[in-house]
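The numbers here are math on the coordinates, done by the rules we state, and not lab data. Predicted, not measured: the structure shown is a model, and the values here were computed from it. A quick note on method: Cβ atoms are made from the backbone with ideal geometry, for glycine too, and the neighbour counts reach across all protein chains shown.
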Amino acid sequence: MAGSSGPIKVGDWVAVVLGLEPLRGRGTTVELLAVEPSRCGRFPAGYVPSVEDCALVLGGLTALRAVRNGLRVRRGDRLLVVGAGGPVGMAAIQIARGCGASVDAIAGRTALERCRGLGAEHVRDYRSPEAEAMRGSRSYDGVVVAAGSPAAWFGAACRGATAALTDGGSWLPSVPAAMRAGVHSVPIAAGHDCDDLTWLARRIAAGELVPVVGRRYGAAEVGRAHAELGSGGTCGARIIDHRDAPAL
Ligand SMILES: NC(=O)c1ccc[n+]([C@@H]2O[C@H](COP(=O)([O-])OP(=O)(O)OC[C@H]3O[C@@H](n4cnc5c(N)ncnc54)[C@H](OP(=O)(O)O)[C@@H]3O)[C@@H](O)[C@H]2O)c1
């Protein structure tokens, strides 16, 4: 089954998450793939996903888990997304706005306008004095930390609020700082639940979640794509399009 709408049929478009190697910072590439239906989300009948839509799957799942499961965001909540210029942060802004929360964002300079366009209200460059001042503001009901040091942002949350950390490795070292700040911190993993994937696929098809692609690479540019990762100037996802790869 994929979601609650019956078994997957031949011809259905599905969303899946491929394996990652987090400790090596590498992704996965495949030619043929066998996937359990329980790891597939299904797009609505008649919707043909675009290449750009793929950019929402992993970041979107992580953001969904952070906003819905980690922070349990409700209408009227005030949320801060740190590291908002990447795929996780941009999806988190959109999902939280869809839940009726107001969202402020901290991102790199290149992504500021785009974050505003996605619905963030106050958007600050993470290198600016204004961002520095927000670190101790104690004004947010929840914080998504998708970049930078989590400990630096716990003071932006109200006491008793929750911070969702999308870099699992940063959770344990930051627990003492979270306790000192009186903030619950939770590590977030995307997972591959078919209901979550189908939830995302439906929002994508409805235009309620918009993919943002900052850079595109051809199959011959895999090395450059990896080399540029983390080099700054992020605005959304990076896509490596293998469709022009020569047949082996
Ligand atoms: N992408 C995914 O699908 C995915 C899935 C699961 C987990 N994760 C994890 O979630 C985190 C975010 O991933 P991502 O791919 O969305 O990130 P990303 O593409 O690297 O984007 C990070 C954003 O944060 C900004 N930034 C960099 N340093 C910062 C700092 N010190 N303070 C505040 N903002 C800062 C960057 O700006 P500049 O580029 O301008 O410096 C950029 O706007 C990572 O830890 C990743 O491992 C990602």
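Compute the long axis of helix 171-181 from its Cα atoms, compare it with the longest principal axis of the Cα atoms of the chain, and write down the angle in degrees, 0 to 90, nearest 10.
30 degrees
If each of L229 and R109 carries a label point 7 Å out from its Cα toward its Cβ, how far apart are those two points in nm?
Inter-label distance under the simple model: 2.6 nm.
So if I place +1 on the C-beta of Lys and Arg and -1 on the C-beta of Asp and Glu, and nothing else carries charge, what would the dipole magnitude of the stretch 190-243 be about its Cα centre? I want it in debye, nearest 20.
I would put it at about 260 debye.
Using per-residue counts of other Cβ atoms within 10 Å, averaged over each peptide, order 151-164, 83-96, 214-227 from highest down.
Highest-to-lowest ranking by the protection proxy: 83-96, 151-164, 214-227.
Report Rg (one decimal) and Dmax (nearest whole number) for the chain, counting Cα atoms only, units Å.
Answer for the chain, Rg first and Dmax second: 18.1, 57 Å.
Could you give each residue of the stretch 50-64 its phi-based ³J(HN,Hα) in whole Hz, using Karplus coefficients 6.51, -1.76, 1.60 with θ = phi - 60°, and x for Gly or Pro?
Rounded to whole hertz, the list is 8, 4, 4, 4, 4, 5, 8, 5, 6, x, x, 4, 4, 5, 4.
In the stretch 30-71, whose amide N lies under 11 Å from the spot 7 Å out along Cα-to-Cβ of L18? List them in ranges.
Residues 30-33 qualify, since their backbone N sits under 11 Å from the label point.
If amide hydrogens are placed 1.01 Å from N in the peptide plane, which non-local residues have theirs closer than 5 Å to the one on D77?
Sorted by chain and number, the residues that satisfy this are S102.
Between E31 and E52, what length comes free when the chain is fully extended (0.36 nm per residue of separation minus the Cα-Cα distance, one decimal in nm)?
5.6 nm
Based solely on its DSSP helices, what 222 nm [θ] is calculated for the chain when runs of n ≥ 4 H residues each add -39,500 (n - 2.57) and the sum is averaged over all residues, nearest 500 deg cm²/dmol?
The helix contribution divided over the chain gives -7000 deg cm²/dmol.
Sorted by average packing, counted as other Cβ atoms within 10 angstrom per residue and highest first, what order do 231-243, 168-180 take? Please report the intermediate quantities before stating the final value.
On the way: 231-243: 16.0, 168-180: 14.3.
Sorting 231-243, 168-180 by mean packing, highest first, produces 231-243, 168-180.
Sorting check: for 106-117, 182-193, 34-45, which peptide has the highest mean count of neighbouring beta carbons within 10 Å, and how do the rest follow? Intermediate values should be presented prior to the final figure.
Numbers: 106-117: 20.2, 182-193: 18.6, 34-45: 15.5.
Result, highest mean Cβ count within 10 Å first: 106-117, 182-193, 34-45.
What list of ³J(HN,Hα) values in whole Hz, one per residue of the stretch 97-105 in order, does the Karplus curve 6.51 cos²θ - 1.76 cosθ + 1.60 (θ = phi - 60°) give from phi, with Gly and Pro shown as x?
Going residue by residue, I get 4, x, 7, x, 8, 9, 10, 10, 9 Hz, with x marking Gly and Pro.
Cα centroid distance between the stretch 199-216 and the stretch 117-176, in Å?
Each part's Cα centre sits 24 Å from the other's.
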